[in-house]
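Encoded as structure tokens, the structure appears first; notes follow it.
The values are calculated or read from the model by the stated rules, or taken from the named source; none is laboratory data. Note that this is a predicted model, so its numbers are computed, not measured. Neighbour counts are summed over all protein chains in view; Cβ atoms, including those assigned to glycine, are modelled from backbone coordinates with ideal geometry. Surface accessibility is based on the protein's heavy atoms, side chains included, excluding ligands, DNA and RNA. Shrake-Rupley method; radii C 1.70, N 1.55, O 1.52, S 1.80 Å.
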2 protein chains.
Amino acid sequence: MSKCEQCIIRQFNSLKSLTKDELIRISGCKTTKIIKKGEVIFDEGDKLNGVFCIKDGICKLSKLSENGKDQIVKLVVKGELLGQRSLISDERANLQATALNDMEVCFIPREEIVNDLQKNPSFTFDVLQQMAQDLKEADDVIVNMAQKSVRQRMAEVLINIHKSFGTNPDGTLSVLLSREDFASLVGTATESAIRVLSQFKKEGLISTVGKQIKIEDLEELSRIE
Amino acid sequence: MSKCEQCIIRQFNSLKSLTKDELIRISGCKTTKIIKKGEVIFDEGDKLNGVFCIKDGICKLSKLSENGKDQIVKLVVKGELLGQRSLISDERANLQATALNDMEVCFIPREEIVNDLQKNPSFTFDVLQQMAQDLKEADDVIVNMAQKSVRQRMAEVLINIHKSFGTNPDGTLSVLLSREDFASLVGTATESAIRVLSQFKKEGLISTVGKQIKIEDLEELSRIE
DNA sequence: GTGAAAACATGACAAATATCATATTTAAAT
DNA sequence: ATTTAAATATGATATTTGTCATGTTTTCAC
């Protein structure tokens, strides 16, 4: 089994604030899981008995609306933690987490994390800072959802994915999403999402190879209104 | 000057986790302000040099969208803190705070709060729990904005105000908002908000006395789809 | 009290988006 | 390789929501 204290992934999340001893302790009780694309990591209402540290892969956090449609709230990638919110509030999961490609995650039991939250203030503060950042991003999404058009929102989704998760060597977005997922991120019907992407393609803002998308004109895409 | 250690307001926010000594120290450097209805407490981009503890009144947190319209992200009332997010992230304010009625707030300088965050883990954890709750609520708002109709969102706004902030003795909502603010909460045009409220009135779901609103049929209002 | 400005209200129409129908392409299973 | 299902795509149309115009009511300063 791999050791947390030697794992470089933790540099990207709050676990970096743990001491060597704490990491060794966590290393001893964590479990590593392989999760297949499409698999649900946890569901709305699930009681989470710990947090997940994503070693590889990407997943979506979504919530089923009363009209039966899923809304993606956030994408979570390699390096980030999953499930801290529920653990801190001591509540059941508010969102569903689903793998978007094959993932490797480490599961750290609740007691270990809670222990560290109580005893290591700099870890707690780091978690707090991450949560504050998440809250800011969520506030911005609220404003966008409420005030911008589907076209604008799609442009921003593409730009965000490009900026946050990068591109493959050929320039295509490294995060591969279905049109349905794009719709669910933008908050629109799948047909509308497809139409907007088709339009972007016609306008030369993006190009596609299969379902791969490449941003051709980032400048113009960010000017859309 | 009033004393924090004797102030009952702190029971409603994270300051309750401070020790008596810490409260006395804060009491010595806080300043109390009276803010008039409509006054901006802080603006987007402002550098906040502390947090506000709301002793009385209510305010809105909003953000100006690129299309020039304000979107209200959250209402903050008596008992809650204002500005912690920016302080923790050490960033300029992401939102604007505007008084919705006459307010009394205590301003606590940044250094004092930061000091406590470093030295009192239970205070930090309390702030973290509050932030986690805010994040959950923000996620839910995202889903509603993206997936529900203006009619549904207005119904939820009315129900939330009713549940969270209560009613006057005559049953009208204790938080008095302009139609423009309702529109900005729902994320729609002012005219659309007015139309929906008029429709609710016609259907007997609410009644109005001037701009005061009274929920007449909470059951039916929550069934709207 | 009176006039002006702001807030509220409603109709008419335009624009954006959803829905339904139906191809077409791609991926998956056998 | 062939079949089948799923994903993508596009047109036609309905619905929702925004915008503009205009009238009414309320609020507020003087």
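Does any residue of the range B:3-19 turn out to be modelled with pLDDT of 90 or more, within 24 Å of the chain's Cα centre (by Cα) and closer than 25 Å to B:L177 by Cβ? Yes: the range B:3-19 contains one or more residues that are modelled with pLDDT of 90 or more, within 24 Å of the chain's Cα centre (by Cα) and closer than 25 Å to B:L177 by Cβ. A search for C-beta distances below 7 Å between a residue of the range A:144-164 that is over 19 Å from B:A138 (Cα atoms) and any residue that is of a type in the set (D, E, K, R), counting only pairs 6+ apart in sequence or on different chains, returns A:Q152/A:E225.
Scanning the range A:204-217 for residues that are away from DNA strand C (no atom under 13 Å from the Cβ), open to solvent by 30 Å² or more (accessible area, probe 1.4 Å) and not in a loop (DSSP other than H, G, I, E, B) returns A:S207, A:K214. Every listed requirement among (1) under 21 Å from A:A146 (Cβ atoms); (2) open to solvent by 60 Å² or more (accessible area, probe 1.4 Å); (3) within 15 Å of DNA strand C (Cβ to nearest atom); (4) in a helix (DSSP H, G or I) is met by A:K201 save one, (1).
Based on what the data block shows, is A:V175 β-branched (V, I, T), within 14 Å of chain B (Cβ to nearest Cβ) and over 30 Å from B:K119 (Cβ atoms)? Answer is no for this residue. Considering the range B:1-89, the qualifying strands (runs of 3 or more DSSP E), each wholly inside and each with 3 or more residues that are within 22 Å of B:M131 (Cβ to Cβ) and free of Cβ contacts under 8 Å to residues at least 60 places away in the same chain, run over B:50-56, B:58-64. Could you count how many residues in the range B:138-154 are away from DNA strand C (no atom under 16 Å from the Cβ) and either open to solvent by less than 20 Å² (accessible area, probe 1.4 Å) or hydroxyl-bearing (S, T, Y) (or both)? Adding up the residues that qualify gives 2.
Looking only at residues in the range B:163-191 that are open to solvent by 40 Å² or more (accessible area, probe 1.4 Å), out of contact with any Leu (no Cβ under 8 Å at 6 or more places or on another chain) and within 14 Å of DNA strand D (Cβ to nearest atom), the one that is farthest from B:S149 (Cα to Cα) is B:E180.
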